[in-house]
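The structure's right below; bear with me while I get my questions together.
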Amino acid sequence: MEKRIVVVASGRGSNFQAVINALKRGTIPAICVALITDNSKAYVIERAKSECIPVILVDYATFSSRELYEQALLTALKKTQPDLVVLAGYMRIMGRGVVKEFSGRMMNIHPALLPSFAGLHAQRQALLHAVKVTGCTVHFVDDSLDGGPIILQRCVRVMDEDDEDTLAERILIQEHIALPEAIRLFCEDRLTIEGRKVRTR
Ligand code: GAR
């Protein structure tokens, strides 16, 4: 059975595009029913429009409190009746109510090998720590900061001459492989969560 995916993104949307491209290739048994964004200026909106995917704007800037924003986001998400919610460059911490509603059905991509370098500016954190290897992680979302059960990870070497941009670019190439792959595994019902561990069969 084809699954219903909703993507939530705040910015450029290259990960959204990678997911859409994989859906178009027919490698994932799913359809993307909507893009939800918190940012009216996000380039990802143009991408969704040119792929004829409905855009739902829950504009953070127009809400008087974080609670009201979270409520509106939850309502928007529920309306789309998703089997899976994919956070693809969503740059806010997801509220507890939303996380609870979609427990085990919401995944996020993060540009580091978690649990290292959670939170913002993961590539900068990796460079400051001078690690030799970093990468990306796709994980289920729980109410910790980037701490939910890990679905898959891909590695990237850090070069001496790297700056934040070159490193981010190299990680992004791996993100564009990892995220569609994790979505495919979910949509093929091949993932089971056992405590912290995600088993893949
Ligand atoms: C990606 O590198 C993603 O991993 C990161 O933002 C970028 C979005 O790029 N997400 C986070 O840092 C979430 N905390 P994109 O808009 O081109 O997909």
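No lab work stands behind these numbers, since they all come straight from the coordinates. This one's a predicted model, so the numbers in the text were calculated from it and none came from an experiment. Every residue, glycine among them, receives a Cβ derived from its backbone with ideal geometry; neighbour counts consider all protein chains shown.
Please give the length that would be gained between LEU68 and ALA130 if that part of the chain were fully extended, namely 0.36 nm times their separation in residues minus their C-alpha to C-alpha distance (nm, one decimal). Don't skip to the answer; put the middle values down first.
Numbers: separation 62, 0.36 × 62 = 22.32 nm, distance 4.03 nm.
Contour length minus the Cα-Cα distance gives 18.3 nm.
Please compute the modelled spin-label separation between SER40 and SER144, points set 7 Å along Cα→Cβ, answer in nm with one decimal.
For SER144 paired with SER40, the spin-label model returns 3.8 nm.
Which whole-number value in Å³ per residue fits the convex hull of the alpha carbons of the range 103-201?
On the way: hull volume 8.7 nm³, N = 99.
Cα-based convex hull of the range 103-201, divided per residue, equals 88 Å³.
Using θ = phi - 60° and the Karplus curve 6.51 cos²θ - 1.76 cosθ + 1.60, what whole-Hz ³J(HN,Hα) does each residue of the range 49-61 get, with Gly and Pro shown as x?
3J(HN,Hα) across the range 49-61, in whole Hz: 4, 6, 9, 6, 9, x, 10, 10, 9, 10, 6, 3, 5.
Is the shape of the chain rounded, prolate or oblate, going by the alpha carbon gyration tensor and its root eigenvalues a ≥ b ≥ c, with a/c under 1.5 for rounded and a/b larger than b/c for prolate?
Values: a/c = 1.40, a/b = 1.26, b/c = 1.11.
Here the chain falls in the rounded category.
Starting from the Cα-Cα distance between GLU101 and ARG199, subtract it from 0.36 nm times their residue separation and give me the gain in nm to one decimal. Don't skip to the answer; put the middle values down first.
Working: separation 98, 0.36 × 98 = 35.28 nm, distance 2.19 nm.
Extra length from GLU101 to ARG199 when fully extended: 33.1 nm.
Please state the relative contact order of the range 1-110 as a whole percent: Cα pairs under 8 Å, 6+ residues apart?
Details: 180 pairs, mean separation 36.0, N = 110.
Relative contact order comes out at 33 percent.
With r as the distance between the Cβ atoms of ALA61 and ILE173 and R0 = 22 Å, compute the FRET efficiency 1/(1 + (r/R0)^6) and round to 0.05.
On the way: r = 32 Å, r/R0 = 1.45.
E between ILE173 and ALA61, to the nearest 0.05, is 0.10.
Would you please classify the overall shape of the range 32-76 from the alpha carbon gyration tensor, given that a ≥ b ≥ c denote the square roots of the eigenvalues, rounded means a/c under 1.5, and beyond that prolate means a/b larger than b/c while oblate covers the rest? Each step should come with its number before you reach the end.
Working: a/c = 4.29, a/b = 1.83, b/c = 2.35.
Here the range 32-76 falls in the oblate category.
As a check on your grasp of the helix formula, calculate [θ] at 222 nm for the chain: sum -39500 (n - 2.57) over DSSP H runs of n ≥ 4, divide by the residue count, round to the nearest 500.
On the way: 6 runs with 71 residues, N = 201.
Helix-only estimate at 222 nm: -11000 deg cm²/dmol.
Is the range 43-104 rounded, prolate or oblate when judged by the Cα gyration tensor, a ≥ b ≥ c being the square roots of its eigenvalues, rounded requiring a/c under 1.5 and prolate requiring a/b larger than b/c? Can you show the working numbers first?
Working: a/c = 1.81, a/b = 1.26, b/c = 1.44.
Oblate shape, in that a/c is at least 1.5 and b/c is the bigger or equal ratio.
Hey, rough spin-label estimate for ILE31 and ASP163, points 7 angstrom out along Cα→Cβ, what's it come to in nanometres?
Placing both labels 7 Å along Cα→Cβ, they lie 4.5 nm apart.
Something else about it: Which helices count as membrane-span-like in the chain under these terms: full DSSP H, at least 15 Å along the axis by C-alpha, Kyte-Doolittle mean of -0.5 or more? Don't skip to the answer; put the middle values down first.
On the way: long enough: 14-25 (16 Å, -0.07); 66-79 (20 Å, -0.43); 164-187 (33 Å, 0.35).
Taking the DSSP H segments of the chain (at least 15 Å long, mean hydropathy at least -0.5), we get 14-25, 66-79, 164-187.
Which links in LYS49/LYS100; LYS78/LYS197; LYS3/LYS49; LYS78/LYS100; LYS24/LYS100; LYS79/LYS100 stretch past 23 Å when you go from one Cα to the other?
Values: LYS49/LYS100 30 Å; LYS78/LYS197 27 Å; LYS3/LYS49 21 Å; LYS78/LYS100 12 Å; LYS24/LYS100 31 Å; LYS79/LYS100 16 Å.
Cα-Cα > 23 Å for LYS49/LYS100; LYS78/LYS197; LYS24/LYS100; rest within.
What is the fewest-to-most order of ASP142, ASP189 by other Cβ atoms lying within 10 Å of their Cβ?
Values: ASP142 19, ASP189 11.
Least crowded to most crowded, the residues run ASP189, ASP142.
A follow-up question, please. Between ASN21 and ASP83, 0.36 nm times their residue separation minus their Cα-Cα distance comes to what?
Details: separation 62, 0.36 × 62 = 22.32 nm, distance 1.93 nm.
That pair, ASN21 and ASP83, stretches by 20.4 nm at full extension.
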